[in-house]
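The values are calculated or read from the model by the stated rules, or taken from the named source; none is laboratory data. What you are looking at is a predicted structure, and each value in this text was computed from that prediction instead of being measured. Ideal geometry is used to build each Cβ from the backbone, glycine not excepted, and the neighbour counts take in all protein chains shown.
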Amino acid sequence: MSDREIHFHQTTTSTPEQFIAALTDYLKVHQRGPLQADVTEGSGGIWERLHYDWSDPNCVIMRTTDSNTWGGASGHVYSFARRPDGRTDVDAVVIREGKNLKGRLLGFVLRTIGRGVLEKAFNNSVKAIEARTGAVRERAAS
């Protein structure tokens, strides 16, 4: 494990397919294909353009292709493991390599005192995806 990596784990009632479908919602999508997308996301003056690749149904790789803060190997990796009980284990790795002073300082903050903020955002995303997929299941059942 690199000192640039931040790891999270959560178990969800959503399937890997539902989780993947939700990942690009509400982002500025430049191009989208059946197994990949090119998007821009960010807030608070920090943005990054990412190439999403979900050609492996058990993994989504998001590589930073441009950013005002992040460079190098920056990005995210979500890995999915289906459980016998129908739930899914989600492992997330956030890789932050600052490309300038702002990025290096922010990367240090995220790996230390800011880790809790990232973890809360990850947990909230999982809950939002569950709520969305729960509503879809309820509509399909009726």
(Q) I'd like to verify a number: residues in region 83-114 that are of a type outside the set (S, T, N, Q), farther than 24 Å from Thr65 by Cα and either free of Cβ contacts under 8 Å to residues at least 40 places away in the same chain or touching a Pro at 6+ places or on another chain (Cβ under 6 Å) (or both), how many? (A) 3
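List the strands (runs of 3 or more DSSP E) inside region 36-97, counting only whole elements, that have at least 1 residues being more than 19 Å from Arg4 (Cα to Cα), out of contact with any Phe, Trp or Tyr (no Cβ under 9 Å at 6 or more places or on another chain) and charged (D, E, K, R).
On the way: elements: 36-43, 46-53, 59-67, 75-82, 88-95.
It comes to 46-53, 75-82.
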Q.
Given the options Gly44, Gly33, name the one that is of a type in the set (Gly, Ala, Ser) and under 29 Å from Leu106 (Cβ atoms).
A. Gly44
**Q.** Filter result (more than 18 Å from the chain's Cα centre (by Cα) and either at pLDDT 95 or above or small (Gly, Ala, Ser) (or both)) within region 86-97
**A.** Gly86
**Q.** Members of region 11-36 that are without any contact (Cβ under 8 Å) to a residue 24 or more places away in the chain, within 13 Å of the chain's Cα centre (by Cα) and farther than 16 Å from Leu50 by Cβ
**A.** Ala21
